1. Which condition number in (1) under 27 Å from N206 (Cβ atoms); (2) in contact with a Ser or Thr (Cβ under 8 Å, 6 or more places away or on another chain); (3) not β-branched (V, I, T) is the one that L288 fails?
2. Which helices (runs of 4 or more DSSP H) does segment 324-389 wholly contain that include 1 or more residues that are open to solvent by 40 Å² or more (accessible area, probe 1.4 Å), at pLDDT 90 or above and farther than 15 Å from L410 by Cα?
3. Please go through segment 243-257 and pick out each residue that is over 21 Å from D197 (Cα atoms) and either at pLDDT 95 or above or not basic (K, R) (or both).
4. List the pairs whose first member sits in segment 342-365 and is closer than 17 Å to T324 by Cα, whose second member is among the aliphatic types (A, V, I, L, M) and in a helix (DSSP H, G or I), and whose Cβ atoms are under 6 Å apart, counting only residues at least 6 apart or on separate chains?
5. Identify the residue in segment 303-318 that is in contact with a strand residue (DSSP E or B) (Cβ under 8 Å, 6 or more places away or on another chain) and in a helix (DSSP H, G or I) and, among all such residues, is farthest from I200 (Cα to Cα).
6. Here is a list: R385, R404. Which entry is under 15 Å from I334 (Cα atoms) and not polar (S, T, N, Q)?
7. Out of D225, D277, D266, I need the residue that is without any contact (Cβ under 8 Å) to a residue 24 or more places away in the chain and either crowded, with 18+ Cβ neighbours inside 10 Å or part of a strand (DSSP E or B) (or both). Which one?
8. Step by step: first the residues of segment 592-610, then only those that are modelled with pLDDT of 90 or more and assigned to a loop (DSSP other than H, G, I, E, B), then the one that is nearest to the chain's Cα centre (by Cα). Which residue is that?
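The values are calculated or read from the model by the stated rules, or taken from the named source; none is laboratory data. Note that the structure is predicted; figures quoted are calculated from it, not measured. Please note: Cβ atoms are built from the backbone with ideal geometry, for glycine as well, and neighbour counts cover all protein chains shown. In case anyone asks, the SASA skips ligands and DNA or RNA and just uses the protein heavy atoms, side chains included. Shrake-Rupley method; radii C 1.70, N 1.55, O 1.52, S 1.80 Å.
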Amino acid sequence: MSETARLAALHEYAVLDAPADDELSAVVRVAAHVAGVPTATLNLLDEHRQCQLTTVGFDGADSARADSMCQVVVTTGDPVHVTDASRDERFATSPWVTGELAAVRGYASVPLITPDGHVLGTLCAFDTEPRSFTETQVTALQDLAVVVLALFERRRQARATEALAAETEAARALAEDYANELEARQELTDAVHESIDVAIVACDENGRLTLFNRAAREWHGMGADPGVEPEQWPAHYRLYAQDGVTPLDAEQVPLRVALRDGSVADVEMVITRDGRDPVRVVCAGRALHRPGGTPIGAVVTMRDVTVERAQRQELADRERLLATILDTAPDAVIVADARGAVTAWNPAAEAMFGYTGDEAVGRRLDELIIPTGLAAAHNRGYADRARTGESRLHDGIVQVPARRRDGSGLLVELSLASFTWQGERRFHSFLRDVTEREAARERLALANSELAAANDELDQFTAMVAHDLKSPLTAITAYTEVVTELIDERGRRGDQAAHKALSAISRAADRMTVMIDDLLAHARASHEPLGLREVDLDGIVDDLATELSAGSRRVEITRDPLPAIPGHPTLLRQVMANLLGNAVKYVDPGVEPRVHVGAEWTDGAVTITTSDNGIGIPSEARERVFALYDRAEVASAYQGTGIGLSTCRRIVERHGGTIWVEPGRDGGTQVRFTVPVAGHTAPPPRTERQLRDRRSGQTAPRR
């Protein structure tokens, strides 16, 4: 088709500069509803311009034809619809897309084609947000374009009827065609009403309900009832105010407001239904009038915002929770943008650095908390992190120096992570003031060092004192023996007093030697490095049994097969030596000492038990015997220093175990102690055969 013929057909309709009638305006409104967009227009293109004959959603105006997006449709005669016009090379540079005239994104346009095939213009629907259009919507727009041409045709036929009375029959035929078109349009409108998810409710000029579309019927659970008076609408249709609790006042029902005041917009209300969740809707509507201005009723559309409001409330609740957490957090929380400018500063940050939130927000971190000498390095590192998008610190949490408002320094523990906020990279950091903690740690390390030095000095002093004390004791013992021998040689054996005194001196020296040895063992037990390794309890018990049975006194020491346990061999030998020595020593006169050593595994630890037939320990003294120098009254007739069990407790507790006393099953005493085996499973006790394979020595029992 030639451009000349197209322009001739356009001018023949005589609609280019004529005002649009109500039918055309209604078609454009329906087009907007069909497409689901807020704006639509009827465009006609002549030689040089685009004329927007009627619009909905914006004020129409003429513009240059060269700027028209619809030029593509007019040229090809094919409908066009795009989700985002700014991404389509056909439209991306159009002033209707770039923002010079508008910012069109979602765009659908169908041609207005005459019966002769001339494209006069387009029926166009668009949105400022990207939007997809279904084929059903595009087809419906094409149907509406047919209606527009029918209206154009009606106008032309009307003019022809007025000019040529001879064409009355043709005018009547045109009227019939128009009626058919109106019927088709009504059917289309009804189909649109029933297919969209927006509820539509209408009433006549007297307030009688005339229309409930599918969505309205579903939400209300019933249809339009003309017999229900407007005053009864809230109760009959269970309408509530925005809070969902207060019944809606009849005068505030959106449809009634539109009928009374001419329009209503953005009114929120709640529709309740039996057995179903309430529906929260936002309403908008307007009064309807005939071409002459006579009112014919009102219509209201309702949009379901139930999920949207619930999500908005949930988001608000989360924001309040986050704000509460940040406000009450003991650590400073600072958020900064990619430039290092502060965007959030919680109360803990105010207390830590001395700046209020209002003073800190908008300023760069290097101006606020970064020490002057580290500012350049900080800015380089921050820029690299913002550029690469590295989300976290490699080490997780690091210690870095910082500065307060007054210039004083502090040491902070820092964790940092990035996130995206409205398309912009930001960083949030948690900072904890560890200045005092690190200072305390240094003081503790220094104190430990000094304590270790003091312990070394104490060991040296103890050894020196022990040596200095034992040297004269050795001399006393030696001279006592010499004097005894001299007395014997001179035949003065009858001097019983001298022998008695010398024996007393010798016994006192021996007791003092034992006490010095026990004191040395007690001192070493408290701080000697453990150096844990596998300890052979079988070997220790067997060796001690041999030593204790070496004299003329008859002693019976038996044992179960004992497990190897992690510990300090010397210290654990000292524990067993004290326990077995006490068990052999503290028996009634004339009673043969009998001692049994057993072991069991309980809760990741080995429990060692020594059971004897001795004099026993009273219940009130079973804890006190572990005190230094304490001896039970029943043991007062026996020699001892009162240091051995105290030393045993020190050693066992250094191994992480406990030691306690229980009465024996058949009299006597049971002393039990535990040794933890952290991270180990209990090995089975070794058999006698395994022990014989390991060493060739004798096994218990010993006598």
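1. (2)
2. Correct list: 347-353, 357-360.
3. Matches in segment 243-257: D243, G244, V245, T246, P247, L248, D249, A250, E251, Q252, V257.
4. Every condition considered, the pairs that remain are W345/A360; N346/L326.
5. Among those residues, the one meeting the criterion is R309.
6. R404
7. None of the other options fit; the residue is D266.
8. Result: P593.
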